[in-house]
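Right, one structure below, let's go through it.
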Amino acid sequence: MKRNETLIWERNKHIPRGPFNTHPIFAQKAKGALIIDVDGKEYVDFAGGIGVANVGHCDEEVVKAIRDQAGQYIHTCFHVVMYEPYVELAKRLNALTPGQFSKKTLFVNSGAEAVENAVKVARHATGRPGLIAFDDAFHGRTLLALSLTSKTKPYKYGFAPFVPEVYRMPYAYCYRCAFGLKYPSCEMRCANFLKEFFQIHVPPEHVAALIAEPVLGEGGFVVPPKEFFKILQGICHDNGILLIADEVQSGFGRTARMFAIEHYGVEPDLITMAKSMAGGLPLGAVTGRSELMDHPQVGGLGGTFAGNPLACRAALAVLDQFEKKGLLARAEKIGERVLKTFKEFYDQYPAVGDVRGLGAMVGMELVVDRKTKEPATALTKQLIEFCREKGLLMIPAGRNSNIIRPLMPLAITDEQLERGLTIIEHGLQDIHQSR
Ligand SMILES: Cc1ncc(COP(=O)(O)O)c(C=O)c1O
């Protein structure tokens, strides 16, 4: 087997630099919450392939479902010859997603494609072009999704022109409030700002949908106050604007509910999902009100590989495993443990500026100075590298890449979780001593 060093050299020779690599290692094997690299080193995985491995790497039932399906048929294209797993999975998701109304589901290949299709459905159904997205949002890298994504470098830089009719307003990022206010005395200025937004940026009659992540993923695990989405939805509803919840990262149990928006008591018109749906196979979905989903004409939606049978079978196994293994309850427990530990880090280490979380979506923001809140980008990189050396894989988030966002598989054992948290603590100690 080739070693990391050789493979990195080959990677640099044959693959463009654009697709980034957080860690200079190649995988040999992955199981549960552990990854072994080609040099034989074992890592606890707090990245989960960016929130994809919620059910754990190579879950036995998921692998079995994929193997079984591969022995029957791998691809017929749903548009040519249909297959049951597509229908079965749609049925399950229609029942599982929030919303006491009739729903339908469309499958695609990725999160970005899910976002693109939700927008297509929303525009078709409302006959309006406008889209409202948020600061620090991440909705994908295809050109429409990228137009909705917020971070300039590295995501958007050099890729203009973007899709027109995208309008952007501040998110409920309380630690760095765009209005300089404090919750709850702010009286949810950020959400109520939407009314003013219609006066100064775009008239409501022009807007098809408002798209929001219920908890910011790439934006840094930012958890809005509980009223945020209720207020937004109320204003949207009054103006005939659809609410799209982008659950690509927050969905499938990460916040200890199947979908994070459930915490807010809001029923979105359309929900996008992908990442951890199919245990690692590429699959995305849009679930929404039947009358909206049925609006585009026959042939207006779809794709050659969209809703691939292997991915649908894997996703059905993932849903079964969520029930069998009680992964929502497990997410709650993991979240409590991580939040408690991160709060202890806050008490001990001045570099920790903020800790916040919802279920197992817990973020820790690092700063150079607690007063100025200057983001500690270099320090975060240093911490992540220290952790890798000691056998823990993590990824950063946030507009300044200064937020630690654990996305460990929910199948992680207590021992592996403790091992990972201890390594982070050692990293913070190391930083503290070298300051
Ligand atoms: C909230 C959200 N939406 C969309 C996407 C895009 O998903 P994909 O990378 O599968 O295209 C991501 C990816 O990180 C995401 O976090």
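The values are calculated or read from the model by the stated rules, or taken from the named source; none is laboratory data. Source: prediction; values computed, not measured. Virtual Cβ from ideal backbone geometry, glycine too; neighbours counted across all protein chains shown. Side chains included, ligands, DNA and RNA excluded: accessible areas come from the protein's heavy atoms. Shrake-Rupley method; radii C 1.70, N 1.55, O 1.52, S 1.80 Å.
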- line: residue 60: passes all of (1) more than 30 Å from residue 43 (Cα to Cα); (2) away from the ligand (no atom under 16 Å from the Cβ) but (1)
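Residue by residue, here is whether (1) free of Cβ contacts under 8 Å to residues at least 24 places away in the same chain; (2) within 30 Å of residue 93 (Cβ to Cβ) holds:
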{"position": "331", "(1), (2)": "no, yes"}
{"position": "338", "(1), (2)": "no, yes"}
{"position": "345", "(1), (2)": "no, no"}
{"position": "366", "(1), (2)": "no, no"}
{"position": "382", "(1), (2)": "no, no"}
{"position": "386", "(1), (2)": "no, no"}
{"position": "389", "(1), (2)": "yes, no"}
{"position": "395", "(1), (2)": "no, yes"}
{"position": "405", "(1), (2)": "no, yes"}
task: State all residues of region 99-129 that are in contact with a Lys or Arg (Cβ under 9 Å, 6 or more places away or on another chain) and away from the ligand (no atom under 16 Å from the Cβ); if no residue qualifies, say none.
output: 99, 101, 102, 103, 104, 105, 125, 129
message: Among the residues that make up region 290-313, is at least one of them surrounded by fewer than 24 Cβ atoms within 10 Å (Cβ to Cβ) and either under 30 Å from residue 338 (Cβ atoms) or basic (Lys, Arg) (or both)?
response: no
- request: Determine which single condition residue 44 fails, assuming it passes every other condition in (1) within 24 Å of residue 263 (Cα to Cα); (2) more than 16 Å from the ligand (Cβ to nearest atom); (3) in contact with a helix residue (DSSP H, G or I) (Cβ under 9 Å, 6 or more places away or on another chain).
  value: (1)
task: Report the residue count in region 222-251 for those that are within 14 Å of the chain's Cα centre (by Cα), open to solvent by less than 10 Å² (accessible area, probe 1.4 Å) and away from the ligand (no atom under 11 Å from the Cβ).
output: 1
Output for region 143-154, where each listed residue is touching a Phe, Trp or Tyr at 6+ places or on another chain (Cβ under 8 Å) and either within 9 Å of the ligand (Cβ to nearest atom) or at pLDDT 95 or above (or both): 143, 146, 147, 149, 150, 154
- line: Scanning region 202-220 for residues that are assigned to a loop (DSSP other than H, G, I, E, B) and under 19 Å from residue 115 (Cα atoms), the one nearest to the chain's Cα centre (by Cα) turns out to be 217
- prompt: Pick from 158, 140: which is part of a loop (DSSP other than H, G, I, E, B) and more than 16 Å from the ligand (Cβ to nearest atom)?
  reply: 158
query: Name the residues in region 360-381 that are under 16 Å from residue 46 (Cα atoms) and either over 22 Å from the mean Cα position of the chain (by Cα) or open to solvent by 20 Å² or more (accessible area, probe 1.4 Å) (or both), would you?
result: 381
task: State the number of residues belonging to region 82-103 that are in contact (Cβ under 8 Å) with a residue 12 or more places away in the chain, over 22 Å from the mean Cα position of the chain (by Cα) and not in a helix (DSSP H, G or I).
output: 5
message: Can you tell me which of (1) of a type outside the set (D, E, K, R); (2) in contact (Cβ under 8 Å) with a residue 24 or more places away in the chain; (3) within 25 Å of residue 257 (Cβ to Cβ); (4) in a helix (DSSP H, G or I) is the one residue 357 doesn't meet?
response: (4)
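When you look at residue 191, is it within 13 Å of the ligand (Cβ to nearest atom) and either basic (Lys, Arg) or not in a loop (DSSP other than H, G, I, E, B) (or both), yes or no?
Criteria not met by residue 191.
In region 119-131, is there at least one residue being touching a Phe, Trp or Tyr at 6+ places or on another chain (Cβ under 9 Å) and at negative phi?
yes
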Of residues in region 400-431 being within 18 Å of the chain's Cα centre (by Cα) and within 18 Å of residue 351 (Cβ to Cβ), the one most open to solvent (accessible area, probe 1.4 Å): 400
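Let's see how each residue does on (1) charged (D, E, K, R); (2) within 20 Å of the chain's Cα centre (by Cα); (3) outside any helix (DSSP H, G or I); (4) at pLDDT 95 or above:
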site	(1), (2), (3), (4)
256	no, yes, yes, yes
268	no, yes, yes, yes
280	no, yes, yes, yes
288	no, yes, yes, yes
296	no, no, yes, yes
300	no, no, yes, yes
303	no, no, yes, yes
311	no, yes, no, yes
- line: Here the residues within region 259-281 that are farther than 21 Å from residue 32 by Cβ, touching a residue at least 60 places away in the same chain (Cβ under 8 Å) and open to solvent by 10 Å² or more (accessible area, probe 1.4 Å) are 262, 263, 267, 269
- request: Take region 167-181 and flag every residue that is open to solvent by 60 Å² or more (accessible area, probe 1.4 Å) and within 21 Å of the chain's Cα centre (by Cα).
  value: 168, 174
